[in-house]
Structure formats: C-alpha cells, structure tokens
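**Q** Okay, handing you the structure first.
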Amino acid sequence: MIPQVSDSELELMQIVWDCGGRALYAQIMAALTAAGRSWQKNTVITLLSRLVDKGMLKTSKIGRRNEYAALVSRADYQAAQTQALVGKLYAGSAKGLVAALIEGQAISAQEFEELRSFWEKGEAK
C-alpha cells in the first residue's frame, strides 16, 4: 500500500521524480529555491526523513553527499491517490468522478474527446 504524504512531502517527491527518480540533497534545495521556496535545511531534512520512513524514498551516501531515490513511481502514486479519491468521494464510482469533472467544467470538451479516444483504444486491445 502506498502511504499518504503531506503537500510538502509531495513537493519534495515531485522534485525527485523530475530529476529522474534520484536527486542529491543539493539538487532538491536548488529546485526549492528556483520555485521560490525558502525552506530551512532542517525542515527539508525532516521531510525527507519522513519520506524515507514512509517507504517513499531511500537514501544513500555518495561521498559526503546524500542522494535520495524514489521507491514509488509518480505513476504508481498518482494511481493510488486517484483510487483513494474515487473510493472516498464517489463510493468507488469512477463515473461519479468523471461526471463531477464535466459538470464542474473542470474538463473541456476536447479533453473529454481525447479521453473517449483513449478509452476506445484501450477496449480494442
């Protein structure tokens, strides 16, 4: 089971995933700075440690530097979170989620048609 993570932890995971699934601490800090985040070193280390404890990351030493590697892929995390959302808010009905997206105009007609095409290709397999 893929654990739930906080928004801050997810932001760090996004950085690691964007770096190809592996990132040095310095790369993480540089990405946070580029995103306008001024998090303290201790905050980042605490969040990274939590992600290691949750089984989302593993850490290893490269010389004197820490490298963090994702143990869960972005796609697997997204799939698990989507399933949890559908289960929690729509009683397991993906149709309810799609209907809510359409009714709330969170999905355009073009996106809907792209999804329909994607679905039809999947059924043909």
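The values are calculated or read from the model by the stated rules, or taken from the named source; none is laboratory data. What you see is a predicted model, and the numbers here were worked out from it, not measured in a lab. Neighbour counts are summed over all protein chains in view; Cβ atoms, including those assigned to glycine, are modelled from backbone coordinates with ideal geometry. All accessible areas refer to the heavy atoms of the entire protein, side chains included, with ligands and DNA or RNA removed. Shrake-Rupley method; radii C 1.70, N 1.55, O 1.52, S 1.80 Å.
**Q** Is it the case that some residue within segment 44-57 is over 15 Å from P3 (Cβ atoms), open to solvent by less than 60 Å² (accessible area, probe 1.4 Å) and of a type outside the set (K, R)?
**A** Going residue by residue through segment 44-57, those that are over 15 Å from P3 (Cβ atoms) are 44-46.
Pick out the ones that are also open to solvent by less than 60 Å² (accessible area, probe 1.4 Å) and you get 44.
Filter once more, so that each one left must be of a type outside the set (K, R): 44.
Taking every residue of segment 44-57 in turn, at least one turns out to be over 15 Å from P3 (Cβ atoms), open to solvent by less than 60 Å² (accessible area, probe 1.4 Å) and of a type outside the set (K, R).
Conditions (1) among the β-branched types (V, I, T); (2) open to solvent by less than 50 Å² (accessible area, probe 1.4 Å), marked per residue:
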| position | (1), (2) |
| --- | --- |
| T59 | yes, no |
| S93 | no, yes |
| A100 | no, yes |
| A106 | no, no |
| E113 | no, no |
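**Q** Additional query: Filtering segment 1-39 down to residues that are under 12 Å from R74 (Cα atoms) and of a type in the set (V, I, T), which residue is least open to solvent (accessible area, probe 1.4 Å)?
**A** Top of the filtered list is V16.
**Q** Cβ-Cβ below 8 Å, separation at least six or inter-chain, first residue in segment 51-70 and free of Cβ contacts under 8 Å to residues at least 60 places away in the same chain, second basic (K, R) and open to solvent by 70 Å² or more (accessible area, probe 1.4 Å): which pairs?
**A** V52/K58; E67/R22; E67/K61; Y68/R22; Y68/K58; A69/R22; A69/K58; A70/R22
**Q** Another one. When you scan segment 70-87, do you find a residue that is farther than 17 Å from I2 by Cβ and touching a helix residue (DSSP H, G or I) at 6+ places or on another chain (Cβ under 9 Å), even just one? Break it down stepwise before answering.
**A** Of segment 70-87, the ones farther than 17 Å from I2 by Cβ are none.
No, segment 70-87 contains no residue that is farther than 17 Å from I2 by Cβ and touching a helix residue (DSSP H, G or I) at 6+ places or on another chain (Cβ under 9 Å).
**Q** Of all residues in segment 22-56, how many are closer than 30 Å to G92 by Cβ and in contact with a strand residue (DSSP E or B) (Cβ under 6 Å, 6 or more places away or on another chain)?
**A** Qualifying residue count for the region: 1.
**Q** Follow-up. Scan segment 37-81 residue by residue and report those that are small (G, A, S), within 18 Å of C19 (Cα to Cα) and either modelled with pLDDT under 95 or more than 19 Å from the chain's Cα centre (by Cα) (or both).
**A** Across segment 37-81, the qualifying residue is only S60.
**Q** When segment 98-119 is examined, which residues are found to be within 27 Å of Q4 (Cβ to Cβ) and part of a loop (DSSP other than H, G, I, E, B)?
**A** Once the filter is applied, which keeps residues that are within 27 Å of Q4 (Cβ to Cβ) and part of a loop (DSSP other than H, G, I, E, B), segment 98-119 yields G104, A106, I107.
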